[in-house]
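Participant: Here you go, one structure.
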Amino acid sequence: MRADGLLTADGMVYFFFAGLRTDRRGVIMRLTCMFSFILLFGLAGLVVFIHLQDPVEMVHQQGLAPGMKFEFALNAPKKGCTPNNQYGTSIEAAAKQLLNINQDVRTYPPYQYSASLHNSNRRQKKPIFLRRDNKKYNERKLLKKRKHFLLKETPILMPINSSAVDLMRMEEDDRNSNCKKLYEVQRQRKKLMQDICLKYKSGSRRIITPYHVSRIFVEDKYKILYCEVPKAGCSNWKRVLMVLNGLASSTKDIPHNTVHYGNYLKRLDSFDRKGIFNRLNTYKKMIFVREPFERLVSAFRDKFEHANNYYHPVFGKAIISKYRRNATREALRTGSGVQFKEFIQYLMDVHRPVGMDIHWDHVSRLCSPCLIDYDFIGKFESMEEDANFLLHLIGAPQNLTFPRFKDRHSNEERTTSKITQQYFAKLTPVERQRTYDFYYMDYQMFNYSKPFEDLY
C-alpha cells in the first residue's frame with residue numbers, strides 16, 4: 001500500500017484471496033448447519049415413528065415354531081366321503097376362541113341384493129357422519145392408519161407347511177371308490193407342488209407380504225380362501241363364494257360386471273396383519289389352475305379378438321407399434337387386430353413396452369404356492385368334479401353346484417387343446433420353446449405334460 005492510501009496490485013491480490021477464504025468459511029458453516037438440521041429432523045421422525053407403532057403389531061406370533069403344522073377339523077360333511085376328524089370339535093372351538101376370529105359377515109336374504117349391488121363402480125364407501133368433538137372416532141381412525149402403515153411395511157412370518165386343514169384324510173371304512181380316488185388325486189397334487197417348491201425355492205421361513213395375498217378372496221362364513229387365477233374358472237368361483245356368503249341365492253342371478261367390479265368379496269390384503277395371519281392358518285385355502293398354453297390362448301382370444309376399451313388402447317397400441325412393420329395409422333390409433341405372433345413377441349420381450357398382466361402371468365407368481373400352503377388344488381380340465389368335491393368337503397348346501405355356463409362370448413366355442421394347437425402352430429419352434437420355458441414352473445408344479453413333441 002502506498003503512503004497516499006491507494007492499494008497496489010499486490011494489495012488487491014491479498015484482499016481478493018482473503019475474501020475467498022472468508023466466503024469458503026461461510027459456505028462450510030452453512031453446510032454444517034444444514035447437515036445438523038437434517039440429522040436432528042431424521043432422529044425426531046424416528047422417535048415419532050417408534051411412538052406411533054402398536055407394540056402388538058411389532059411382536060411376531062410367539063409359540064409358532066418353524067415346522068409347526070396347523071390342522072383343524074372340517075365342518076361336518078355330508079354322507080359319502082368322510083374326512084377323519086381325529087381332533088374333534090373341542091380343539092376347533094378352542095382355536096376359534098384363542099385366535100378370536102371375527103366372522104361378523106353381512107349377509108342378505110335370498111333373491112335380494114343390497115341396494116347398490118348392481119353398481120359397477122369398483123370403489124364404494126359407506127357414508128360417515130362425524131362430529132367435531134368425537135374424540136373416540138378420531139382415535140380409531142388414527143389407529144387404523146397406524147395399522148395400515150405397519151401392514152404395508154412389515155412382512156408376515158409364517159411357519160412352513162402351515163396348513164389349516166388336512167383334506168387328504170378319510171375314514172378307513174369309507175367304501176366309496178370315487179371318493180378314494182379324489183382324495184388320492186389331491187394328495188398327489190399337493191405332494192408334487194411341495195416337492196417342486198423344495199427343489200427350486202427351498203427355505204425354512206416364509207416371509208409373506210400383503211402383495212402375496214392380494215389375489216386371495218375371503219369367504220368368512222365357510223372359512224374359505226380362494227386365490228384367483230384368471231381364465232381358470234375364476235368368474236364362476238366368485239359367484240359360488242357370493243352364494244356361500246349369502247349375497248345371492250343362485251349363481252345364475254349374478255351378472256358378470258357384479259362379479260368383477262362389484263367389490264362385494266373381501267380380499268385378504270384388506271385385513272390387518274392379525275386378520276391375515278389367522279385366516280391363513282385356520283381357513284381352507286384353494287387354488288384352481290389350467291394348462292398354461294391353453295390359458296394363454298384363452299386370454300388372447302378374450303382380450304384381443306373382441307372389442308375391449310382397455311386392452312386395445314393400452315396393450316394393443318404398444319404391441320402393434322413395436323412389433324408390426326408398416327403398421328397402418330388406424331391400427332396404431334385403435335390398437336385393434338393384434339396377431340397372436342405379435343402377442344408372443346411382446347410376452348417374450350425382456351423390455352416389454354407395457355408390463356405384465358394377471359391374465360397371462362405365472363400361477364406361481366399370482367398365488368405364491370411356495371409361500372402359501374394350499375389345502376386343495378383343482379384343475380380347469382376336471383373343474384366340475386374337483387369343484388363339487390370341494391363343495392362337499394366344506395359342507396356347502398346340497399343344491400349348490402359349480403356353474404358351467406359361459407357368461408361372456410357365450411356363442412363362441414371354449415378354448416380347448418385343439419384350438420390351442422392351432423394358435424401355436426403359427427409360431428416357430430423357437431418361439432414355442434421360449435413360451436414353454438416362460439411357463440416352465442407352472443408346467444412342473446401342476447403336472448402338465450409338454451404340449452408339443454419338439455419341446456425339450
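Participant: Only residues in region 208-222 that are surrounded by fewer than 15 Cβ atoms within 10 Å (Cβ to Cβ) count as the first member; pair them with residues that are in a loop (DSSP other than H, G, I, E, B) and among the polar types (S, T, N, Q), Cβ under 6 angstrom, at least 6 apart or cross-chain, and list the lot.
Facilitator: These pairs meet every condition: Lys221/Asn245.
Participant: Turning to a different aspect of this structure: Just checking, does region 198-205 include any residue being without any contact (Cβ under 8 Å) to a residue 12 or more places away in the chain, part of a helix (DSSP H, G or I) and more than 22 Å from Ile394 (Cα to Cα)?
Facilitator: yes
Participant: Now a separate question. Please list, ordered by residue number, the helices (runs of 4 or more DSSP H) wholly in region 328-412 having 3 or more residues that are within 29 Å of Met441 (Cα to Cα).
Facilitator: It comes to 340-348, 363-366, 383-393.
Participant: With the requirement that a residue be within 23 Å of the chain's Cα centre (by Cα), touching a residue at least 60 places away in the same chain (Cβ under 8 Å) and open to solvent by 30 Å² or more (accessible area, probe 1.4 Å), what does region 415-442 give you?
Facilitator: Phe438, Met441
Participant: At pLDDT 95 or above, open to solvent by 30 Å² or more (accessible area, probe 1.4 Å) and over 25 Å from Leu427 (Cα atoms): which single residue out of Glu381, Glu305, Glu330 fits that description?
Facilitator: Glu330
Participant: Scanning for something open to solvent by 40 Å² or more (accessible area, probe 1.4 Å), within 21 Å of Ser214 (Cβ to Cβ) and of a type in the set (Gly, Ala, Ser), does region 352-361 turn up at least one residue?
Facilitator: yes
Participant: Inside region 226-275, can you point out the residues that are surrounded by fewer than 20 Cβ atoms within 10 Å (Cβ to Cβ), of a type in the set (D, E, K, R) and over 16 Å from the mean Cα position of the chain (by Cα)?
Facilitator: Scanning region 226-275 gives Lys252, Asp253, Lys274.
Participant: Just to be sure I understand the filter: pairs with C-beta atoms under 7 Å, separated by 6 or more residues or on different chains, first member in region 333-357 and free of Cβ contacts under 8 Å to residues at least 24 places away in the same chain, second member outside any helix (DSSP H, G or I) and not hydroxyl-bearing (Ser, Thr, Tyr). Which pairs pass?
Facilitator: Sorted first by the residue in region 333-357, then by its partner, the pairs are Glu342/Arg324.
Participant: Just to be sure before I move on: is Tyr423 closer than 21 Å to Arg189 by Cβ, modelled with pLDDT of 95 or more and hydroxyl-bearing (Ser, Thr, Tyr) in the structure I sent?
Facilitator: Judged against the criteria, Tyr423 is not a match.
The rows are residues; the columns are (1) farther than 15 Å from Leu347 by Cβ; (2) in a helix (DSSP H, G or I); (3) open to solvent by 20 Å² or more (accessible area, probe 1.4 Å).
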| position | (1), (2), (3) |
| --- | --- |
| Phe277 | yes, yes, no |
| Leu280 | yes, yes, no |
| Phe288 | yes, no, no |
| Ser298 | no, yes, no |
| Ile319 | no, yes, no |
| Lys322 | no, yes, yes |
| Asn326 | yes, no, yes |
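The values are calculated or read from the model by the stated rules, or taken from the named source; none is laboratory data. These numbers were taken from a predicted model, which means no experiment stands behind them. Neighbour counts are summed over all protein chains in view; Cβ atoms, including those assigned to glycine, are modelled from backbone coordinates with ideal geometry. Just the protein is used for accessible areas: all its heavy atoms, side chains included, with ligands, DNA and RNA removed. Shrake-Rupley method; radii C 1.70, N 1.55, O 1.52, S 1.80 Å.
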